[in-house]
Amino acid sequence: MDARDRFAEAFSGWRPDFRPVVEQLSRQRAALLALVGQRVEAGWTGREPRAQRWSRSVPVVLALDGGGRLEIAWDGFHRLSLTWGTVDVAVSPTGVFGREHFWRPGEPAAVAAVVGRTVTGIAVTDKPILRDSPDLDWSSPGVPAGHVSRWSPIGLLIECGPVALHHIDDGERTYLTTDPSPETATLWGRSTRLEDWPPPGAPAG
């Protein structure tokens, strides 16, 4: 058993499935869209006792009233793990590399915001990968036409009416926010409903 397997087993049975984001979202499109209309019954994140915030190395777990549990994690290298029902939050983590962890329900605020609400949509946040150009106008209110070589998906947005859980990995940090705006994640970002993603134009990748 390698280090990642030991890490997963220590986290209440979590079995991550990290894949390139485009591949993962294509594989999971139907399952994610099936969440629309379901109520988020509960949400959990992992935490080290001495830490003051959630641990980004473990999944965000959402329990739905349809009986499923979605587990979301990014690995910091543009890979996304979406798994279903592998984590048992009733089982305390046994400790990872000598660091005890525990599950915290309804934390942080971005997770608490969607608990008790019905999922109304799933969207993807992309950032533009730009071509080198000396005449690029960085003050432009929108991405200048012709400067995008491709779009890179960096966020998964779970919309619950007026609030949302926005889970972002921009390559430098992984974080959670309730702000659904793509500009929260990146300059000139775009947000597209999953059923319409990727939109026509520059390829995603």
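Every number in this text was worked out from the coordinates using simple rules, so none of it is lab data. None of the values given here were measured: they were computed from a predicted structure. Quick reminder, even Gly has a Cβ in these numbers, built from the backbone with ideal geometry, and neighbours come from all protein chains shown.
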Worksheet item: Considering segment 83-105 alone, what residues qualify as being surrounded by fewer than 17 Cβ atoms within 10 Å (Cβ to Cβ) and more than 30 Å from ASP126 (Cα to Cα)?
Response: ASP88, ALA90, VAL91, SER92, THR94, GLY95, PHE97, GLY98, ARG99, GLU100, PHE102
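In segment 48-82, what count of residues is obtained for those that are in a loop (DSSP other than H, G, I, E, B) and surrounded by fewer than 20 Cβ atoms within 10 Å (Cβ to Cβ)?
Quick first cut of segment 48-82, residues in a loop (DSSP other than H, G, I, E, B) only: 48-59, 65-68, 75-78.
Going one step further and asking which of them are surrounded by fewer than 20 Cβ atoms within 10 Å (Cβ to Cβ), we end up with 48-53, 55-57, 65-68, 75-78.
Here the count works out to 17.
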Discussion item. Considering only residues that are under 10 Å from ALA113 (Cβ atoms), more than 9 Å from the chain's Cα centre (by Cα) and surrounded by 19 or more Cβ atoms within 10 Å (Cβ to Cβ), which ones fall in segment 159-181?
Written reply: CYS160, ALA164, THR177
Worksheet item: Is one or more of the residues making up segment 8-24 surrounded by fewer than 16 Cβ atoms within 10 Å (Cβ to Cβ), within 22 Å of THR125 (Cα to Cα) and either under 17 Å from the mean Cα position of the chain (by Cα) or not hydroxyl-bearing (Ser, Thr, Tyr) (or both)?
Response: yes
